[in-house]
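J.: Here you go, one structure.
The values are calculated or read from the model by the stated rules, or taken from the named source; none is laboratory data. In this text the structure is predicted, and so the values were computed from the model without any measurement. Please note: Cβ atoms are built from the backbone with ideal geometry, for glycine as well, and neighbour counts cover all protein chains shown. When the accessible area is computed, the model is the full protein with side chains, heavy atoms only, and any ligands, DNA or RNA have been set aside. Shrake-Rupley method; radii C 1.70, N 1.55, O 1.52, S 1.80 Å.
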Amino acid sequence: METKGKVLLVGAGPGDVELLTLKAVRALGEADVILIDDLVSREILQYARANARIIEVGKRGGCKSTPQAFIEKMLVNFANEGLIVARLKGGDPFVFGRGGEEMLALREAGVDYEIVPGITAGIGATSAIEIPVTHRSLSHGVTFVTGHLRDGSMPNWQALAQSGTTLVIYMGIANLASILEGLSAGGMSMDTPAAAVQAGTLPTQRSVIGTLGTLEREVGVAHISSPALIVIGKVVNLARVVAEAQSMRDAA
Ligand code: SAH
């Protein structure tokens with residue numbers, strides 16, 4: 001009897017294995033084939049079956065990665081062979097993860113699929129440095145935005161500067177100078193609290209805190225690099241690192 005294949009588009013969360021969902025763990029345990037992005041912690045593969053085939057489809061900025069069309073083709077082909085395929089993505093598959101494109105390709109090909117949401121970095125990595133992305137009286141909204149657009153264009157920083165929401169910027173480290181410039185030109189005060197967190201929730205996590213005016217220098221001095229998030233807004237003042245830096249300054 002022919003078994004029907006299926007693709008599970010799985011969010012692996014921001015890094016810490018314990019932030020996987022029970023559904024993600026179940027999907028890993030079921031999968032015959034696992035396609036994994038390079039942002040996903042390899043530790044997560046402890047939940048894969050011993051005989052699962054693991055395929056690395058790296059996508060880190062600048063490096064050679066598997067073309068998207070090829071990934072979509074693999075998903076469809078494996079499912080059509082009757083295999084259970086887990087497509088593991090960092091964070092949530094639908095937040096800057098191209099999960100939408102993969103879902104559409106599967107839908108078009110008539111392949112069964114299931115979406116397993118994950119904790120996006122904008123929630124996980126910000127929590128890791130104790131920044132509540134919304135907070136009564138400080139921020140009544142949060143905007144997730146990418147600092148890196150494929151066609152080289154930029155988000156509307158002026159509109160974002162004036163939105164009054166906490167800004168959580170993904171993939172923004174390479175364009176940090178022009179992002180900060182755009183926000184300042186858009187009317188945001190140079191004193192607005194700003195943070196960057198690299199590898200949030202992982203043992204290698206590092207972060208810096210400053211303001212719109214100082215963040216670039218802080219990031220440079222600390223050599224914060226990808227994968228990192230930038231957080232801008234008053235809620236950054238609640239971060240744990242602020243408290244630590246402040247008490248260090250007080251003690252000095
Ligand atoms: N789908 C993912 C985002 C993919 S885009 C999600 O929902 O989180 C990749 C970007 O996410 C990185 O460039 C970085 O900006 C951010 N990112 C992912 N994991 C991160 C982490 N552990 N700490 C900080 N930023 C992270």
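J.: To test your reading of the geometry: what angle, between 0 and 90 degrees and rounded to tens, separates the Cα axis of helix 68-80 from the longest principal axis of the chain?
T.: Relative to the chain, helix 68-80 is tipped by roughly 40 degrees.
J.: May I pose another question? Quick one: dipole size for the chain, taken about the Cα centre, charges +1 on Lys/Arg Cβ and -1 on Asp/Glu Cβ, in debye to the nearest 20.
T.: 40 debye
J.: On the Cα set of the chain, report Rg and Dmax in Å, please.
T.: So, for the chain, Rg and Dmax equal 19.7, 74 Å respectively.
J.: Student exercise: in the chain, how many lysine pairs 8 or more apart or on different chains have Cα atoms under 21 Å apart?
T.: For the chain, qualifying lysine pairs total 11.
J.: Can I ask one more? With a/c under 1.5 counting as rounded, go ahead and sort region 42-101 into rounded, prolate or oblate using the C-alpha gyration tensor (a ≥ b ≥ c being the square roots of the eigenvalues; past the cut-off, prolate if a/b is larger than b/c, else oblate).
T.: Cα axes put region 42-101 in the oblate bin.
J.: Something else about it: If we restrict to alpha carbons, what Rg and Dmax does region 22-148 come to, in Å?
T.: My reading of the Cα-based Rg and Dmax gives 16.2, 54 Å.
J.: Report the relative contact order of the chain, percent, no decimals, based on alpha-carbon pairs under 8 angstrom and at least 6 residues apart.
T.: That works out to 19 percent.
J.: Could I ask something else about it? Summarise the accessible area of region 1-52 (1.4 Å probe, protein heavy atoms) by the percent that is carbon and sulfur.
T.: 52 percent
J.: I'd like the orientation of helix 99-109 relative to the chain: the angle between its Cα long axis and the longest Cα principal axis, in ° from 0 to 90, rounded to 10.
T.: With both axes taken from Cα atoms, the answer is about 20 degrees.
J.: Here's another thing I want to ask about it. Using 7 Å Cα-to-Cβ label points, what is the Q46/E18 separation (nm, one decimal)?
T.: With each label placed 7 Å out from Cα toward Cβ, I get 1.2 nm.
J.: Turning to a different aspect of this structure: Report the label-to-label distance for E81 and T134 in nanometres (one decimal), using points 7 Å from each Cα along the Cα→Cβ vector.
T.: Roughly 4.5 nm, to one decimal.
J.: Mind checking Rg over Rh on region 116-161, alpha carbons, Kirkwood formula for Rh?
T.: Using Cα coordinates only, the ratio equals 1.04.
J.: Ok, one more. Could you work out how far apart the two model spin labels at S153 and E56 are, taking each label as a point 7 Å from the Cα in the direction of the beta carbon, and quote it in nm?
T.: Each label point lies 7 Å from its Cα, and together they span 3.5 nm.
J.: If we sort 200-206, 137-143 on the protection proxy, mean other Cβ atoms within 10 Å, highest first, what's the order?
T.: So the order, starting with the most tightly packed, is 200-206, 137-143.
J.: Would you calculate a helix-derived [θ] at 222 nm for the chain, using -39,500 (n - 2.57) for each DSSP H run of n ≥ 4 and dividing by the full residue count, to the nearest 500?
T.: Helix contribution divided over all residues of the chain: -8500 deg cm²/dmol.
J.: With just the Cα atoms of region 75-210, tell me how far they stretch along each of the three principal axes, in Å, largest first.
T.: That gives 57, 34, 28 Å along the principal axes, largest extent first.
J.: Scattering from the C-alpha atoms of region 121-201 alone, worked out with Debye: what is log10 I(q)/I(0) at q = 0.10, 0.11, 0.12 1/Å?
T.: -0.23, -0.28, -0.33
J.: Using a Förster radius of 45 Å, what is the FRET efficiency between S189 and R98 based on their Cβ-Cβ separation? Nearest 0.05, please.
T.: Taking R0 as 45 Å, the efficiency between S189 and R98 is 0.85.
J.: Here's a follow-up. So if R0 is 22 Å, what FRET efficiency would S65 and V221 give, r being the distance between their Cβ atoms, rounded to the nearest 0.05?
T.: Calculated value: 0.15.
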